[in-house]
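The values are calculated or read from the model by the stated rules, or taken from the named source; none is laboratory data. Just so we're clear, the structure is a prediction, and the values are computed from it rather than from any experiment. Every residue, glycine among them, receives a Cβ derived from its backbone with ideal geometry; neighbour counts consider all protein chains shown. Surface areas here come from the heavy atoms of the whole protein model, side chains and all, with no ligands, DNA or RNA. Shrake-Rupley method; radii C 1.70, N 1.55, O 1.52, S 1.80 Å.
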Amino acid sequence: MTKPSIYQRLFSDIPDLLAVVDRQHRLIMCNWRGGYDYVAEENRKGHPLCYDVFYPGQGKPCEPCHVMEVFRSGKPLVTEKHNARVGHLEVRCFPIHDEHGELTLVAEQLCDINQRKTAVENLRARETQYRTLVESQVDLICRWQPDATVTFVNAAYCRFFGKTREELLGTKFTDLVSGDFRRQLVEHVASQAKNPRLGSLEIAVSNADGETRWQSWCDCPIFDEQGKLLEFQSVARDITEEKQAIERLRESQTRYRLFFENDLTGDFVVSVKGQLIDCNQAFLRIFGFASKEQAMAQDFFALFFQGNDPAFFMQTLQEQQKMEYCEIEGCKSDGTPIQLIANLIGEFDDDGQLASIQGFLFDNTDLKNLQKQFLHAQKMEAMGRLAGGVAHDFNNLLTVISGYSQYLLQKYPEEPMRGCLEQIVKAGDQAASLTSQLLTFSRRQVMQTKEMDLNAVTADMEKMLLRILGADVELVVLRDPRLGLINADRGQIEQVIVNLAINARDAMPGGGKLTIETINIELDEIYSTWHTGLAPGYYVMMSVTDTGSGMDAETMSKIFEPFYTTKETGKGTGLGLSTVYGIVQQSGGHIYVYSEPGMGTTFKIYLPRIDSPMISGTIKEGPCLPVRGSETILLVEDNESVRDLAHMVLHGNGYKVLEADNPQEALRVFESYGDVIHLLLTDVVMPGGSGPTLAKELRSRLDDLKVLYVSGYPQDTHAIDNLDAHKDAFLAKPFTPVSLGLKVREILG
């Protein structure tokens, strides 16, 4: 095929419209393609004008005319135009010169660009959409080159830094960050440039107002078609509120963790299977665990529910969600029983089933023990009151029984029934001894107190104690060489030591060791808090320890009760330890016992310490006084039998006796008697008044009146104010005719 035929074929087959136009707008050649095949054949013939063919009815050249523009400029032209029928066209005009180089014709190519135009418009619309999306974001968006040079920023980026887009483009964004965060950002950029990847970074940046805001940056590398890194696109989200919330949460967690760990109650979380999940230090202390790991390895329910059914607690928590102030019997890790108070809160899964338990424990063991001590002290006090009341009434009876018996023995020394009378006197003495023990227990025994050294007392008693204990019991006495003094009745303290030694001997039938120790001790408030009635201060402590059979808790709770004994019938009165208890209490001290079965027993006695020089409290014995006299005595006693006995004894000794059974009658007798009354002999406590009040009233009328107080309650001496040793005296019931006569003669002089 020749070249002309090839060009002709190319001209006719090309899909675009090809036309050649001269200076007069005539179509010299046209292939009528590119959508212009609609032009009728008759309009194609000859050399029609181009604007008549393509724009029928227009009647004149187009404005502007692209062909004429090429004729004028002599240069090719590419532009676009729109044809109402064909649509969007791309116009390409080329000059054609003749053999003389003169521009004679222009070739025009019209390309259908409707599809491209639509694609461009769609692309532009999408670009507008995406640009609007980017520009409307509150997050900061930018693009930057590996050297941190910014190539694009959105409006949020500009607003944050308070700069225009022109001011930001071309700058390095690392310059916008200062301090440690700038170093961190530079290192991040260098790392990304070396190893491009999806990455993130949290930094603090100052905004246009100087406010520091936390931002989370996410980087995405952009590569060309050959995989070469072009730049990065980054998005920054403001996470200041999140950071602050996380910090508040962290502080809250730290605060509550510290609260959890430092709480004095035992806090814990445990699964429904008994697996400990978490606990605090107080919990470890309560249960005696050395570490949290040790506690978590233990079956918690085995310790917690010693005396309770776990199923009951699980069911209650399932139904009520929580349990408050539950008293639970548990045990420590070593098996030691403990009393707990617990608040329990259930935690539930999505199905509403109990999944775990939160608990708050308080070790109530010491408080329970204190309650037991307090109840025991109340019981002992009540029993003491009962014993004292019985002893008081019994003393009145013994006064009559022993008094009359001894009076008869003195009055009729040759009486054939003397043996019977002596047995009555002996039984009365034994009953008086029993009453004395009851009064000692009830802290109502008469005490002749003086300052003394316990070391001297124990030293003086060693030989006697060895005889009491026997050869098979070893006696060890440990004395503090700087032991302080105590104020007590020596005879009663000796009785305490003897009673405890006898009790220890009986607890060691096969022999053993008895250790008596004295020591100075100072008790603080913490120690006294856990020992009912024991005040803080300085004490002399005497401990008596044996290696005998020991006692269980139940026995220890009763040993100080009167008439309680563990010995066989007929081998003990049950008053030995109750007497010890009463003497110690009356001496202002306290006694505690520590014992376990098979481990022996220790009694610890605390007596108030006085660090003053020794002052002898013994009474000088004078010559035997006569018992007879002729003075007038006003006898005031509400018990008729005692009053009759006293009247008989005093009258028999030569005294003139005036009687009254209550203070009011005594006042009447005193006022009606016309002579001097030398002595008032009165009971301390009586119906309708008291002896001290009566004595005060009578002394207001007779200043030299002497008074002898009589009572079966030795603590009644506390009701007597300012007892004058020259004018006043006290006589305890039961008294004998001899003791009464001597006491009366002693005070009268």
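Quick look at the numbers
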{"read-out": "For the range 539-555, Karplus couplings with θ = phi - 60° (6.51, -1.76, 1.60), whole Hz, Gly/Pro x", "value": "9, 9, 9, 10, 10, 10, 10, 10, 10, x, 6, x, 9, 8, 5, 5, 5"}
{"read-out": "Solvent-accessible area per residue, Å², over the range 309-352 with all protein chains present [probe radius 1.4 Å]", "value": "61"}
{"read-out": "Column: log10 I(q)/I(0), Debye, Cα scatterers of the range 228-358, q = 0.11, 0.16, 0.19, 0.22 Å⁻¹", "value": "-0.50, -0.87, -1.13, -1.35"}
{"read-out": "Nearest-ten-degree value, helix 180-194 long axis tilted from longest Cα axis of the chain", "value": "50"}
{"read-out": "With 5 Å bins from 0: P(r) over the range 329-369, alpha-carbon pairs, percent", "value": "6, 20, 20, 17, 14, 11, 8, 4, 1"}
{"read-out": "All lysines inside 28 Å of LYS656 as judged from Cα atoms, apart from same-chain residues fewer than 8 positions distant", "value": "LYS411, LYS696, LYS706, LYS727, LYS733, LYS743"}
{"read-out": "Cα-based reach from LYS273 at 20 Å (exclusive), listing lysines while leaving out same-chain residues under 8 positions away", "value": "LYS292, LYS322, LYS332"}
{"read-out": "Summed residue charge, Cβ within 12 Å of ALA355's Cβ, Lys/Arg positive, Asp/Glu negative", "value": "-3"}
{"read-out": "Kirkwood Rh (inverse of mean 1/r, distinct Cα pairs), the range 132-175, angstrom", "value": "10.4"}
{"read-out": "Electrostatic dipole magnitude of the range 61-199 [Cβ: Lys, Arg +1; Asp, Glu -1; Cα centre; debye, to 20]", "value": "740"}
{"read-out": "Hull shadow area, averaged, the range 98-168 [alpha-carbon convex hull, nm²]", "value": "10.2"}
{"read-out": "Share of carbon and sulfur in the accessible heavy-atom surface of the chain [1.4 Å probe, %]", "value": "53"}
{"read-out": "Reciprocal of mean inverse Cα separation for the range 117-267 (Kirkwood radius, Å)", "value": "17.9"}
{"read-out": "Cα convex hull of the range 1-130 - mean projected area over all directions, nm²", "value": "10.4"}
{"read-out": "Overall dimensions of the chain as given by Cα atoms, namely Rg and Dmax in Å", "value": "60.0, 196"}
{"read-out": "Lysines with Cα under 17 Å of LYS450, excluding same-chain neighbours fewer than 8 positions away", "value": "LYS620"}
{"read-out": "At 0.692 mPa s and 37 °C, Stokes D of the range 222-272 from Kirkwood alpha-carbon radius, µm² per second", "value": "209"}
{"read-out": "Average accessible area per residue (Å²) across the range 17-115 - probe 1.4 Å, nucleic acids and ligands excluded", "value": "57"}
{"read-out": "Estimated vicinal HN-Hα couplings, Hz - the range 37-44 in sequence order (Karplus 6.51, -1.76, 1.60; Gly, Pro = x)", "value": "6, 6, 5, 5, 4, 5, 7, 8"}
{"read-out": "Distance between the range 141-203 and the range 84-127 - C-alpha centres, whole angstrom", "value": "44"}
{"read-out": "Förster radius 25 Å - calculated FRET efficiency between GLU42 and GLU99, Cβ distance, rounded to 0.05", "value": "0.15"}
{"read-out": "Solvent-accessible area per residue for the range 120-270 (1.4 angstrom probe, square angstrom)", "value": "62"}
